[in-house]
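Here, each number is a calculation from the coordinates, and none is a lab measurement. Remember, predicted model here, so these are calculated numbers, not experimental data. Every residue, glycine as well, gets a Cβ built from its backbone with ideal geometry; the counts of neighbours run over all protein chains shown.
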Amino acid sequence: MGGVTASPAPILLVLGDEELLATRAVSEAVASARDADPDVDVREYQAGVLTPGEIAEMLSPSLFGGRRLLILRAGQDARKDLATALLAYAKNPDPEVQLVVQHLGGAKGKSFADGLRTAGATVVPAAKLKGVKGDRERVAFVREEIRRAGGRCLPEAAETLIGAVGNDLRELAAACAQLMADTDGTIGVETVSRYYRGRAEVSGFTVADAMMVGDVPAALEALRWALHVGVDPVPIADALADGVRTVARVASAGRGNSYQLASSLGMPAWKIERAQRQSRGWTPEGLVLAMQAAAEANSAVKGGADDRAYALERAVFAVAAARQDGAR
């Protein structure tokens, strides 16, 4: 005899507009149901086109018995008669049936989602990751992706990967899978930097990071590499200006915990921590000069200067000089 299998939640509400998280939640519900009963009857419906007759058939006991898993897609589109029938059912669900409702979580159909929650539905959050909290959750997502694949990822490495790949969860998931396939499973900052060297540098932010700590050779190497592989100078100029502005804003905010400052400054904690490190050695006067140099480079690059590469290189030297001249 095997062990006792925990009964699945009779009603599962997958709530949120992040497609990857929602799709995974539904897929995991199906996999769990099939693990518990390989013969489970899985049926899928679109809430917006479900008719009253189909509702009754969907919820009625099966003539042949056995477990059923009913998936209702786009729950926010449910008409009033469907929502009323399902909320009445939710008060006394069939023990042989699991109902999974996928709902975008916005204002549309909110009363239906709230009603399911009140009736005791198990809620699986699947909202897009936004703001400061989203940045923390994105780092946690990357680390969990690596952990699920049998690896280990440090928080700093997760932040580096996000900086190189971007915020899209599908792209991050694919990047994690690729890293796990091509490494020994221990993912550190050096691993990510080496693997995504080109992508990280062509964003322009690597140029800015080196520039803000006074590492002129590294900044010029990254700049020339980015231009060599065909990156448009405009986003590089934007990255240089953003690097100076970020350090100036964080420096003017004074000392403090990065998570506390994140809300008032409107930027992620990891970006604040990086800017706090980069601000060492800068004075207010030096930052003013650096902002002027970055603004001049932006104007030259976007104004169609004859040699935009030279304008960017000149900005790197000017910002480094501002840091040195303004040193205490």
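How large is the charge dipole for the chain, taken about the Cα centre, if only the Cβ atoms of Lys, Arg (+1) and Asp, Glu (-1) carry charge, to the nearest 20 debye?
Numbers: 38 positive and 41 negative charges, 176 e Å.
The calculation lands at about 840 debye.
Given H placed on each backbone N at 1.01 Å, which residues far from GLU18 in sequence or on other chains put an amide H within less than 5 Å of it?
Long-range HN contacts for GLU18: ALA127, LYS128.
Can you bin every Cα-Cα distance in the chain into 20 Å intervals starting at zero and give me the percent of pairs per bin, rounded to whole numbers?
Calculated P(r), rounded to whole percents: 26, 41, 26, 8, 0.
Which GluC sites (Glu not before Pro) does the range 57-138 hold that lie in a coil by DSSP with at most 16 other beta carbons within 10 Å? Mind dumping the intermediate values first?
Numbers: sites: GLU57, GLU96, GLU137; in loops: GLU96.
Qualifying residues, ordered by number: GLU96.
Eigenvalues of the Cα gyration tensor times 5, then square-rooted: what semi-axes does that give for the range 11-125, in whole angstrom, largest first?
Numbers: eigenvalues 84, 61, 29 Å².
Rounded to whole Å, the semi-axes are 20, 17, 12.
Relative contact order for the chain: what is it in percent, counting Cα pairs under 8 Å that are at least 6 residues apart? Before the final figure, lay out the partial values.
Details: 480 pairs, mean separation 46.5, N = 328.
Relative contact order, the chain: 14 percent.
If the cut-off is a Cα-Cα distance under 30 Å, which lysines reach LYS91, setting aside same-chain residues fewer than 8 apart in sequence?
Straight-line reach from LYS91, under 30 Å: LYS80, LYS108, LYS110, LYS128.
About its Cα centre, how strong a charge dipole does the range 131-195 have in debye, to the nearest 20, once Lys and Arg get +1 and Asp and Glu get -1 at the Cβ? Don't jump to the answer; show the numbers that get you there.
Working: 9 positive and 11 negative charges, 39 e Å.
Approximately 180 debye in magnitude.
Could you line up THR118, THR84 from fewest to most neighbouring Cβ atoms inside 10 Å? The partial results should precede the final answer.
On the way: THR118 11, THR84 14.
In increasing order of surrounding Cβ atoms, one gets THR118, THR84.
Can you tell me the convex hull volume per residue for the range 200-325, based on C-alpha atoms, in Å³ to the nearest whole number?
On the way: hull volume 11.5 nm³, N = 126.
Considering the Cα atoms of the range 200-325, their hull volume per residue is 91 Å³.
Please give the per residue volume of the convex hull enclosing the alpha carbon atoms of the range 131-195, rounded to a whole number of Å³. Could you put the intermediate results ahead of the total?
On the way: hull volume 4.4 nm³, N = 65.
For the range 131-195, the hull spanned by Cα atoms encloses 67 Å³ per residue.
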